Amino acid sequence: MPLHKGPDKPDERPLSVNPFYGEADPVGGMTEAPPKHRLPTSPLPPSTAYQVVHDELMLDGNSRLNLATFVTTWMEPQAGVLMGECRDKNMIDKDEYPRTAELERRCVAMLADLWNAPDPSAAVGCSTTGSSEACMLAGMALKRRWAQRNADRYPGARPNLVMGVNVQVCWEKFCNFWEVEARLVPMEGERFHLDPQAAAELCDENTIGVVGILGSTFDGSYEPIADLCAALDALQERTGLDIPVHVDGASGAMVAPFLDEDLVWDFRLPRVASINTSGHKYGLVYPGVGWALWRDKEALPEELVFRVNYLGGDMPTFALNFSRPGAQVVAQYYTFLRLGREGYRAVQQSTRDVARGVAERVEALGDFRLLTRGDELPVFAFTTAPDVQAYDVFDVSRRLRERGWLVPAYTFPANREDLSVLRVVCRNGFSTDLADLFVDDLGSLLPELRRQPHPSTDNKGAATGFHH
């Protein structure tokens, strides 16, 4: 969550609330709006409090038109009912809510099977608040395993983690919070993610692991996990260094098993020690759930696991968060039951088809160059064509926002700071009809943008709310 500071302006609001929000007598009750930054002196009628909050939230963007987020913005009404029935259940209370805990266990088993664990019954996993927490847990396990193997040198030696510069910001947080050196493989030319050989060359005796991204958020491309493992196999043959791999499958781990079955990226590769995903992205659940799995008990050091009493038995837990609602885990189990493999395949294929179709139509406009085409993650990135000088991607993003579309524009990291792009994320619920409206709106903006004398964005760092 972002950090917030106190108010910059006085919190009094002298304007009165619409009197019809209050009592039946329009001149009775509320005559002055409640303060924004301190508790009101007296309570409000529930209808008034609701309307005040509701009206302010109308100024938020429309989540269905948010093409920046990977997070699920639509679920079936039945899922919403189930979540409402479970919002008062604390997920951490395994003994008070044993059936919720059982549904979590079943989801872990289903994912272990989906990701081809050698023995799904021996795989270890847990739910989290999202992929960020899951990545933190996976990183902690990598560091603790490395520390155990290097007890004679640690804590004197400084551990490091190797990954592409395109990793999600949670990995930067992990390295900062847990005092691990981040060794980043830069982008080069038209390669916008990790290079396996370059990653292997950054490894040494202090490397706790290498992170591979199955679906880069910068452009939607898969990193070559099998090639990464092969490069690390060759490194072990040469040097004896045995470096584990964690696959950050925040999005792709719920796409590739259904659409790219021949792609080997998961526990079929012996070097893959752990995998995470976001249930609330292409797992098709509303925000608040992620998953972390380890191939076996040896991959997750026992000393990191806490144990609670569960139906008179033993329930191991591994989490940074403590209290959180069970609703999202229940919704994940509902979605697994509701769709099954064939249902997920149909949903993800439809989403990929929409992404590829929109990418082709954007390219056909003539003003843009595609970096990716939505044929891995249902995500594509594009930039302005070389001959476009009147406007840039930041102008496009700003003008699309005027139509209600939220499309991030941002600059790539080292060594491609020269490249600024727009990125479109296609999710379940972004239908062909909505895609048609998006392309029509984009096309209608171009004549005016072409007439600009020059790009109008001075501060590109502040031009978008997207910070990866």
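The values are calculated or read from the model by the stated rules, or taken from the named source; none is laboratory data. If you're wondering where the values come from, they're calculated on a predicted model, not measured in any experiment. Here Cβ is always computed from backbone atoms with ideal geometry, including for glycine, and neighbour counts include all displayed protein chains. When the accessible area is computed, the model is the full protein with side chains, heavy atoms only, and any ligands, DNA or RNA have been set aside. Shrake-Rupley method; radii C 1.70, N 1.55, O 1.52, S 1.80 Å.
So, of the residues in region 360-400 that are assigned to a helix (DSSP H, G or I) and in contact (Cβ under 8 Å) with a residue 60 or more places away in the chain, which turns out to be nearest to the chain's Cα centre (by Cα)? Give the steps one after another, and end with the answer.
Residues of region 360-400 assigned to a helix (DSSP H, G or I): 360-364, 393-400.
Cutting the leftovers down to in contact (Cβ under 8 Å) with a residue 60 or more places away in the chain gives us 361-362, 394-395, 397-398.
Working: R361: 26, V362: 25, F394: 23, D395: 26, S397: 21, R398: 23 Å.
Here the residue is S397.
If the condition is being surrounded by fewer than 19 Cβ atoms within 10 Å (Cβ to Cβ) and either part of a loop (DSSP other than H, G, I, E, B) or on the phi > 0 side of the Ramachandran plot (or both), then region 98-119 contributes N116, P118, D119.
Name the single residue, out of those in region 208-224 being under 22 Å from L137 (Cα atoms) and of a type in the set (G, A, S), that is farthest from the chain's Cα centre (by Cα). Please lay out each step first, then the result.
Taking region 208-224 as the starting set, the residues that turn out to be under 22 Å from L137 (Cα atoms) are 208-217, 223.
Next cut, of a type in the set (G, A, S) only: 209, 212, 215-216.
Values: G209: 21, G212: 15, G215: 10, S216: 10 Å.
Here the answer is G209.
When region 170-188 is limited to residues that are in contact (Cβ under 8 Å) with a residue 60 or more places away in the chain and open to solvent by less than 50 Å² (accessible area, probe 1.4 Å), the one that is nearest to the chain's Cα centre (by Cα) turns out to be W171. Pairs meeting the criteria (first residue in region 98-116 and of a type in the set (S, T, Y), second residue in a helix (DSSP H, G or I) and open to solvent by less than 20 Å² (accessible area, probe 1.4 Å), beta carbons under 9 Å, at least 6 apart or on different chains) are T100/C86; T100/V329; T100/V330.
Only one of the listed residues (R416, R427, R399) is out of contact with any Pro (no Cβ under 6 Å at 6 or more places or on another chain), modelled with pLDDT under 95 and surrounded by 15 or more Cβ atoms within 10 Å (Cβ to Cβ). That residue is R416.
Across region 58-76, the number of residues qualifying as under 23 Å from the mean Cα position of the chain (by Cα) and open to solvent by 50 Å² or more (accessible area, probe 1.4 Å) comes to 6.
Being surrounded by fewer than 23 Cβ atoms within 10 Å (Cβ to Cβ), closer than 26 Å to F336 by Cα, at pLDDT 95 or above and of a type in the set (V, I, T) is a property that V255 lacks. The listed residues are L284, L293, and the only one of them that is in contact (Cβ under 8 Å) with a residue 24 or more places away in the chain, within 16 Å of S127 (Cα to Cα), of a type outside the set (V, I, T) and assigned to a loop (DSSP other than H, G, I, E, B) turns out to be L284.
Whenever a residue of region 62-86 is free of Cβ contacts under 8 Å to residues at least 60 places away in the same chain and closer than 19 Å to S397 by Cβ, its partners that are in a loop (DSSP other than H, G, I, E, B) and open to solvent by less than 30 Å² (accessible area, probe 1.4 Å), lying with C-beta atoms within less than 7 angstrom and at least six residues away or across chains, give the pairs S63/T73.
Scanning region 42-92 for residues that are β-branched (V, I, T) and farther than 25 Å from R427 by Cβ turns up T48, V52, V53, I92.
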